[in-house]
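Beneath this line is the structure, given in structure tokens, with notes to follow.
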Amino acid sequence: MTAYFLSINKGASGSQLNNVAIATSAPSADMYLQIDATTHTPDRLDVILALKSFMMYIQSNGVPKGQIGTDLPNN
């Protein structure tokens, strides 16, 4: 399976693009995004829409589907 991984460590500035590491295997960073490039091969817009959905879900504290501290970080 071909996949692309974008990763960043906690506390790294998101405004500096060189803080994002790119690899083709799972990184050891604190957080990473895996994009599958074989089965459904999402394009750039698909990834951006998914990230926006994740952001909205996290900002809503996962309500009504999750519980703070269980499904999401609690801070």
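The values are calculated or read from the model by the stated rules, or taken from the named source; none is laboratory data. Predicted model only: the values in this text are computed from it and were never measured. Neighbour counts run over all protein chains shown; Cβ positions are idealised from the backbone, glycine included.
Among the residues of the stretch 24-56, write down those that are touching a residue at least 12 places away in the same chain (Cβ under 8 Å), surrounded by 11 or more Cβ atoms within 10 Å (Cβ to Cβ) and more than 11 Å from residue 5 (Cα to Cα).
30, 47, 51, listed by residue number.
Check whether at least one residue in the stretch 16-32 is in contact with a helix residue (DSSP H, G or I) (Cβ under 8 Å, 6 or more places away or on another chain) and in the same structural domain as residue 2 (by TED's automatic domain parsing), and report yes or no.
Pass one, the stretch 16-32, residues in contact with a helix residue (DSSP H, G or I) (Cβ under 8 Å, 6 or more places away or on another chain): none.
Scanning the stretch 16-32 turns up no residue that is in contact with a helix residue (DSSP H, G or I) (Cβ under 8 Å, 6 or more places away or on another chain) and in the same structural domain as residue 2 (by TED's automatic domain parsing).
Within the stretch 1-47, work out how many residues are in a loop (DSSP other than H, G, I, E, B) and among the acidic types (Asp, Glu). Write out each step before concluding.
Residues of the stretch 1-47 that are in a loop (DSSP other than H, G, I, E, B), as a first pass: 1-2, 9-16, 20, 24-30, 37-43.
Those still in the list that are among the acidic types (Asp, Glu) too: 30, 43.
Matching residues across the stretch 1-47 total 2.
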